[in-house]
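**Student:** The structure under discussion is supplied below as structure tokens; questions concerning it will follow.
The values are calculated or read from the model by the stated rules, or taken from the named source; none is laboratory data. Note that the structure is predicted; figures quoted are calculated from it, not measured. FYI the Cβ positions are ideal-geometry reconstructions off the backbone, even for glycines, and counts take in every protein chain you see.
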Amino acid sequence: MKNNLKKLGEAELEIMQVIWAGEPPLTSVEILKRLEGLRNWQLSTLMTSLSRLEDKGYVICRRDGGTNLYSAAVSENDYKAGASESFLKKLYNNSARSLVATLYDNNLLGEEDLKELREYIDRLESEHRD
């Protein structure tokens, strides 16, 4: 994630998740329909949020005739990497071990999760050696 990007609020993140999951570009009506069940918004509210996301550098709005078409300016992976880095730095002093320990100590990681983590780490180490 670019360092100059501003943090996303909860509603903005939900909009971005819809955009990332969709086949770009999406119209505001398509985005609104996919937000059903998450947000009970009017189209004007969504349009305001999309405008803010464009100002923040997260979406690109292209006009085609009388329709605005929206696509992501920041990939989901880039956003997650930047948000994860910020989260780890702020809450765990850049210690992944502290994060995992907190999750485990608070029963938020079970044996199956630990098994998956071990397998993932083993795979990373194996790939790194090759």
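**Student:** Checking the condition of a type in the set (D, E, K, R) and either touching a residue at least 40 places away in the same chain (Cβ under 8 Å) or touching a strand residue (DSSP E or B) at 6+ places or on another chain (Cβ under 6 Å) (or both), which residue from Asp130, Asp122, Asp78, Asp64 passes? Let's see the steps before the verdict.
**Tutor:** Working: Asp130 fails: either touching a residue at least 40 places away in the same chain (Cβ under 8 Å) or touching a strand residue (DSSP E or B) at 6+ places or on another chain (Cβ under 6 Å) (or both); Asp122 fails: either touching a residue at least 40 places away in the same chain (Cβ under 8 Å) or touching a strand residue (DSSP E or B) at 6+ places or on another chain (Cβ under 6 Å) (or both); Asp64 fails: either touching a residue at least 40 places away in the same chain (Cβ under 8 Å) or touching a strand residue (DSSP E or B) at 6+ places or on another chain (Cβ under 6 Å) (or both).
On inspection, the qualifying residue turns out to be Asp78.
**Student:** Evaluate the following for Lys6: is it closer than 12 Å to Val74 by Cβ, basic (Lys, Arg) and touching a Leu at 6+ places or on another chain (Cβ under 9 Å)? Walk me through how you get there before you give the answer.
**Tutor:** Numbers: closer than 12 Å to Val74 by Cβ: yes; basic (Lys, Arg): yes; touching a Leu at 6+ places or on another chain (Cβ under 9 Å): no.
So Lys6 does not fit the description; no.
Every residue, every condition in (1) farther than 17 Å from Leu5 by Cα; (2) in contact (Cβ under 8 Å) with a residue 24 or more places away in the chain, yes or no:
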| residue | (1), (2) |
| --- | --- |
| Gln42 | yes, no |
| Leu46 | yes, yes |
| Gly57 | no, yes |
| Asn93 | yes, no |
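**Student:** Quick one: is Lys33 more than 16 Å from the chain's Cα centre (by Cα), more than 28 Å from Leu109 (Cα to Cα) and not assigned by TED's automatic domain parsing to the domain that holds Leu117?
**Tutor:** For Lys33, the condition - more than 16 Å from the chain's Cα centre (by Cα), more than 28 Å from Leu109 (Cα to Cα) and not assigned by TED's automatic domain parsing to the domain that holds Leu117 - is met.
**Student:** Would you check if there is a residue in the range 56-64 being farther than 24 Å from Gly9 by Cα and of a type outside the set (Ser, Thr, Tyr)?
**Tutor:** There is at least one residue in the range 56-64 that is farther than 24 Å from Gly9 by Cα and of a type outside the set (Ser, Thr, Tyr).
**Student:** Answer yes or no: is there a residue in the range 19-38 that is under 22 Å from Lys90 (Cβ atoms) and touching a Ser or Thr at 6+ places or on another chain (Cβ under 7 Å).
**Tutor:** No: the range 19-38 contains no residue that is under 22 Å from Lys90 (Cβ atoms) and touching a Ser or Thr at 6+ places or on another chain (Cβ under 7 Å).
**Student:** Would the range 73-82 turn up any residue that is closer than 18 Å to Glu14 by Cβ, in contact with a Cys (Cβ under 8 Å, 6 or more places away or on another chain) and modelled with pLDDT of 95 or more?
**Tutor:** No, every residue in the range 73-82 fails to be closer than 18 Å to Glu14 by Cβ, in contact with a Cys (Cβ under 8 Å, 6 or more places away or on another chain) and modelled with pLDDT of 95 or more.
**Student:** Let me ask another. Answer yes if at least one residue in the range 90-102 is surrounded by 13 or more Cβ atoms within 10 Å (Cβ to Cβ) and in contact with a Lys or Arg (Cβ under 9 Å, 6 or more places away or on another chain), and no otherwise.
**Tutor:** The answer is no, given that none of the residues of the range 90-102 is surrounded by 13 or more Cβ atoms within 10 Å (Cβ to Cβ) and in contact with a Lys or Arg (Cβ under 9 Å, 6 or more places away or on another chain).
**Student:** What is the one condition in (1) exposed (fewer than 15 other Cβ atoms within 10 Å of the Cβ); (2) over 18 Å from Tyr58 (Cα atoms) that Arg34 does not satisfy?
**Tutor:** Tallying (1) exposed (fewer than 15 other Cβ atoms within 10 Å of the Cβ); (2) over 18 Å from Tyr58 (Cα atoms), Arg34 fails exactly one: (1).
**Student:** Another question about this same structure. Right, Leu53: more than 30 Å from Arg97 (Cβ to Cβ), surrounded by 15 or more Cβ atoms within 10 Å (Cβ to Cβ), of a type in the set (A, V, I, L, M, F, W, C) and outside the structural domain of Ser98 (by TED's automatic domain parsing) or not?
**Tutor:** Considered against the rule, which asks whether it is more than 30 Å from Arg97 (Cβ to Cβ), surrounded by 15 or more Cβ atoms within 10 Å (Cβ to Cβ), of a type in the set (A, V, I, L, M, F, W, C) and outside the structural domain of Ser98 (by TED's automatic domain parsing), Leu53 comes out as yes.
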